[in-house]
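Working notes for the structure below.
The values are calculated or read from the model by the stated rules, or taken from the named source; none is laboratory data. Just so you know, these numbers come straight off a predicted model, no measurement behind them. Quick reminder, even Gly has a Cβ in these numbers, built from the backbone with ideal geometry, and neighbours come from all protein chains shown. With ligands, DNA and RNA removed, areas are computed over all heavy atoms of the protein, side chains included. Shrake-Rupley method; radii C 1.70, N 1.55, O 1.52, S 1.80 Å.
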Amino acid sequence: LRCQAAPRPRACHVSMKSGSLSYILPCNRLPVQLMSQVRVYTSNGQKKDLGSEDTNASARGETLRKVETGQDTASAGQKQSSPKQPIQVKVKAVLKKREYGPKYTQNNFITGVRAINEFCLKSSDLDQLRKIKRRSPHDDTETFTVYLRSDVEAKSLEVWGSPEALARERKRRKEAEIKYRENLFRNQRLLWEYKEFFGNTKPRSSTAAMFFKGPGKVVMVAICINGLNFFFKLLAWVYTGSASMFSEAIHSLADTCNQALLALGISQSARTPDPSHPYGFTNMRYIASLISGVGIFMMGAGLSWYHGIMGLLHPHPVESLLWAYCILAGSLVSEGATLLVAINEIRRSARAKGLSFYQYVVQSRDPSTNVVLLEDAAAVLSVAVAATCMGLTSLTGNPYYDSVGSLGVGTLLGTVSAFLIYTNTEALLGRSIEPEQLQRLTELLESDPVVRAIHDVKATDMGMSKVRFKAEVDFDGRVVTRSYLEKQDIEQLLQEIQQVKTLEELEAFMLKHGENIIDILGAEVDRLEKDLKQRNPDVRHVDLEIL
């Protein structure tokens with residue numbers, strides 16, 4: 001180091017590199033520390049110790065050259081050497097920052113399925129690669145095997161010869177996949193053989209069995225009864241010409257079509273999740289119920305209002321209503337039976353969820369049963385309205401009462417459809433769960449010793465009592481590290497620490513145990529997610545983000 005003496009000393013920095021370490025030596029007496037070992041050098045080459053920290057640092061010091069200072073005299077141009085001042089230099093060892101670049105995949109892991117699909121390899125090609133056991137992200141398995149992406153890339157180049165050949169093979173397989181999808185209908189037998197070969201990961205319930213219990217049973221009973229009611233009411237309207245009876249026939253037809261749509265929604269909701277729909281098809285029940293509500297409004301209420309208005313504008317005498325009364329009585333019995341089936345099913349489901357009958361219906365926990373319940377309740381009331389108006393018409397001979405009854409049935413159907421549209425729309429929008437349930441989930445997380453705090457908590461009802469929970473968690477690093485140390489041999493760990501002599505060995509030691517601590521943190525996240533699902537069966541999907 002060499003610098004000129006001046007009225008204001010200038011800062012001078014020299015950088016030196018040794019291995020993976022970089023040393024920065026300023027000469028303006030700025031404090032720089034070397035791993036808590038400090039040495040002070042003077043201009044005559046003598047060194048002074050600062051405290052007891054320099055007693056073991058003699059082997060790591062570096063000798064500084066003498067710093068020459070001079071001062072020019074302005075009058076005679078004679079040079080006079082100024083007294084040498086001691087310069088204190090503190091050296092700090094800094095680990096050289098490693099540049100990874102914008103894309104670094106050398107340490108990435110890849111599963112066997114991805115290796116085969118993306119790099120066009122065979123399973124036998126993977127047998128020669130290094131296998132690494134990692135913690136499984138799935139609940140049904142604890143560990144699974146992965147491979148280093150760099151090894152898989154090198155193997156693919158060995159198999160295919162060049163990146164261009166690999167790209168051509170990928171393109172060829174992509175074209176073959178597109179062609180196979182286009183001819184999927186003709187390859188159904190082959191697809192079934194593949195399913196039999198690979199097997200099913202989860203047992204699938206038969207679609208037909210769904211209609212013999214629960215909401216499916218209620219819907220099927222309603223379809224049969226409403227279909228018969230429509231047929232007999234239509235015959236009564238043809239015989240009598242009553243506007244109220246026509247409204248009742250249209251009401252039964254609307255109920256039959258809507259409940260058939262509900263049956264389709266129930267069958268579609270049982271489909272297995274696929275890559276395009278990872279959370280399944282549960283909302284198909286709400287979609288079918290929403291369309292059913294719109295259908296009731298347009299087909300039931302609209303036609304009833306139209307026929308009632310036309311009856312008021314163009315009244316005509318009504319024929320004998322004896323058969324109409326008999327059909328209405330039979331309809332009242334059948335609709336009442338279906339209503340009781342729906343009420344019993346909702347009571348049973350509400351009791352299992354710990355809710356009241358009213359809460360279960362308003363929250364639309366089971367949209368299919370709700371539609372049957374409200375439709376049958378509206379049917380029973382509309383039968384009463386139609387019978388009353390028809391009785392007034394037969395007593396007074398005034399056909400206007402019959403038209404007013406048609407308008408009353410249409411208004412009742414419009415009210416039911418508006419309620420169904422509102423409740424199903426709220427469910428499809430993704431509403432939050434009850435505050436009490438959310439508080440229980442929050443307290444469960446905060447009571448765990450590994451959690452310091454949770455933020456941005458969201459719990460969304462996905463429908464059919466399936467909840468998705470999301471939160472950002474501030475973990476306690478000390479507790480996580482202690483959890484890791486409790487699983488280690490402390491004596492062996494202490495020996496590893498005592499064997500660390502150089503900074504390179506220290507770096508390797510920290511990288512090894514740092515990666516293991518990250519694995520422990522991931523295991524803690526899995527444990528918390530499992531606890532949330534076990535203590536709250538409604539919680540199906542948990543997303544915990546680490547702060």
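Think of each Lys and Arg Cβ as +1 and each Asp and Glu Cβ as -1; about the Cα centre, that makes the dipole of region 104-167 roughly 200 debye.
Determine the alpha carbon to alpha carbon distance for each of Lys133/Lys179; Lys213/Lys530; Lys213/Lys233; Lys179/Lys530 and list only those over 32 Å.
Cα-Cα > 32 Å for Lys133/Lys179; Lys179/Lys530; rest within.
At a probe size of 1.4 Å, how large is the accessible area of Phe231, to the nearest 10 Å²? For Phe231, solvent-accessible area is about 110 Å². Computed from the Cβ-Cβ distance with R0 of 45 Å, the FRET efficiency linking Leu332 to Met298 stands at 0.95. Size descriptors for region 311-432: radius of gyration and Dmax over Cα atoms are 18.0, 55 Å. Pairwise Cα distances in region 233-336 exceed 22 Å for 47 percent of all pairs.
Based on the Cβ-Cβ distance of Ser124 and Leu485, what FRET efficiency does E = 1/(1 + (r/R0)^6) give at R0 = 41 Å, to the nearest 0.05? So, using R0 = 41 Å, E works out to roughly 0.45.
The magnitude of the dipole of region 398-547, with charges of +1 and -1 set on the Cβ of Lys/Arg and Asp/Glu and taken from the Cα centre, is near 600 debye. Surface listing: Asp376, Asp151, Asp127, Asp456 arranged by accessible area from highest to lowest gives Asp127, Asp456, Asp151, Asp376, probe 1.4 Å.
Computed over neighbours whose Cβ is under 13 Å from that of Ser382, the net charge equals -4, Lys and Arg +1, Asp and Glu -1.
As a ratio to 2.2 N^0.38 Å, the alpha-carbon radius of gyration computed for region 205-429 takes the value 1.07.
Looking at region 205-429, the accessible area is 46 square angstrom per residue; that uses a 1.4 Å probe and ignores ligands, DNA and RNA. On the accessible surface of region 272-402, probed at 1.4 Å, how many percent belong to carbon and sulfur atoms? Carbon and sulfur together cover 71 percent of it. Between Leu528, Thr481, Leu441, the Cα set farthest toward the positive side of the dipole of region 435-546 (charges on each charged residue's Cβ, about the Cα centre) is that of Leu441.
Here the label points at Asp543 and Lys458, each 7 Å from Cα along the C-beta direction, are separated by 0.6 nm in the simple model.
Compared with the alpha-carbon gap, the fully stretched path from Leu511 to Leu395 is longer by 32.2 nm at 0.36 nm per residue.
Kindly state, to the nearest 0.05, the FRET efficiency for Leu235 paired with Lys530, given R0 = 45 Å and r defined as their beta-carbon distance.
0.15
For the pair region 322-364 / region 437-454, the C-alpha centres are spaced 41 Å from each other.
Net charge near Asn344: determine it from the other residues with C-beta under 12 Å of the C-beta of Asn344, scoring Lys and Arg +1 and Asp and Glu -1. Taking every Cβ under 12 Å from that of Asn344, the sum is +3. When each of the peptides 216-227, 490-501 is scored by how many other beta carbons lie within 10 Å of its residues on average, the order from highest to lowest is 216-227, 490-501. Only protein heavy atoms count here; under a 1.4 Å probe, His455 has an accessible surface of about 90 Å². With contacts taken as Cα pairs under 8 Å at a separation of at least 6 residues, region 205-429 carries a relative contact order of 30 percent.
Based only on Cα atoms, what Rg/Rh ratio does region 435-546 have, Rh being taken as Kirkwood's radius?
1.14
Given the whole protein assembly as supplied and a 1.4 Å probe, what does the accessible area of Trp237 come to in Å², nearest 10? Only protein atoms counted, so the area is about 80 Å².
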